[in-house]
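Below: one structure, written as structure tokens.
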Amino acid sequence: MTNPATTNTAVPSTFTAGDADKSATSAPEASSAQASGQGSTTIADVVVQKIAGIAAREVPGVHELGGGAARAFGAVKGRIPGASASAGQGVSVEVGQKQTAVDLQMLVEYGVSIPELAKDVRNNVIDSVEHMTGLEVVEVNINVSDVHIPADDSDGDDQDTGSRVQ
């Protein structure tokens, strides 16, 4: 029984950061730090979701993220004092130990090239998530659910929208 106890105390003292790099040859540096001999780091799904959402919104041409119901709920929530729309709205993620996949649902501005926008969003999301979490982003799926037309922003202030009879 004394030999296993001696072995357990010897392992942490002989483990170095260089050993972690050798064991994870193709993983990003932060991933090897997540499972080093000095402890572990766990990244919640909601963290990756928020990072991806913020990164997608940074790209010009993205009007909003989320489907119709999510956008409507976000608009209502945004009118409540002290409440704010979620940074992860319109984003779903699947997070593993070393990899993640991201799905985005978005509303784009009219006139923007959707293939170019998708490429820019995909690159920004991948760069942000990999830089901040050390996770490898294996895919970013983009679903363009609608096109925002600036004329749709009218608040209904027109007098003509009322009753036809006076």
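Computed from the coordinates by the stated procedures, all read-outs in this text should not be read as laboratory data. In this text, all values refer to a predicted model and were calculated from it rather than measured experimentally. Backbone-built Cβ (ideal geometry, glycine too); neighbour counts: all protein chains shown.
Details
- Relative protection proxy for 42-51, 100-109, from highest mean packing down: 100-109, 42-51 (other beta-carbon atoms within 10 angstrom).
- Over segment 109-149, the alpha carbon radius of gyration divided by the compact-protein estimate 2.2 N^0.38 Å works out to 1.35.
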